[in-house]
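Have a look at the structure below before the remarks.
Each reported figure results from applying straightforward, stated rules to the coordinates on display, with no laboratory input. Please read all numbers here as calculations on a predicted model, not as lab measurements. Cβ: placed from backbone, ideal geometry, glycine included. Neighbour counts: every protein chain shown.
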Amino acid sequence: MRPFLIKCLTEIKRSLSKGTATKGLKAAMLPEDRDELERMLEQLKTEHRDLDVVIEQLSDSVPVDFLRLQRLKKRKLFLKDSILKIESMMLPDIIA
C-alpha cells in the first residue's frame, strides 16, 4: 500500500475516534492514490450493504442475539463514517 494511502487511513481512523475533520490530505493526492481510494470506497460500500442483509437476518431469527446485533450495527456505523470521510476527501475544494 502506498504511503499516502496509509496516511489517509490513519488520519481517517484518528478523526473518527476524535470526531474531527481530516485536513490537508487532498492536496497531496495523486491519480493513482485516487484510484486506490475509489477501490477501497467500493469495498467499504459492499461490506456496508452486506451488513444490512446480515443484520436483517439476525433480527428475524429467534432467539435474537442482541450482543452480536449490536456489534454488527456498530461496525456498520463505522463503515458509514469511513465512507463519508473518504468521499469528502475525494471532493475537490471549492473556493467561495
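Tabulated data for the structure shown
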| quantity | calculated |
| --- | --- |
| Whole-Hz couplings from phi, Karplus 6.51/-1.76/1.60, listed for region 43-49; x for Gly and Pro | 5, 5, 5, 5, 4, 4, 5 |
| Full-extension gain in nm, Q70 to K45, via 0.36 nm per residue minus C-alpha separation | 7.1 nm |
| At R0 = 35 Å, FRET efficiency that the Cβ-Cβ distance of D35 and F78 yields, to 0.05 | 0.90 |
| Two-site FRET efficiency, D93 against E56, from Cβ-Cβ distance with R₀ of 35 Å, rounded to 0.05 | 0.35 |
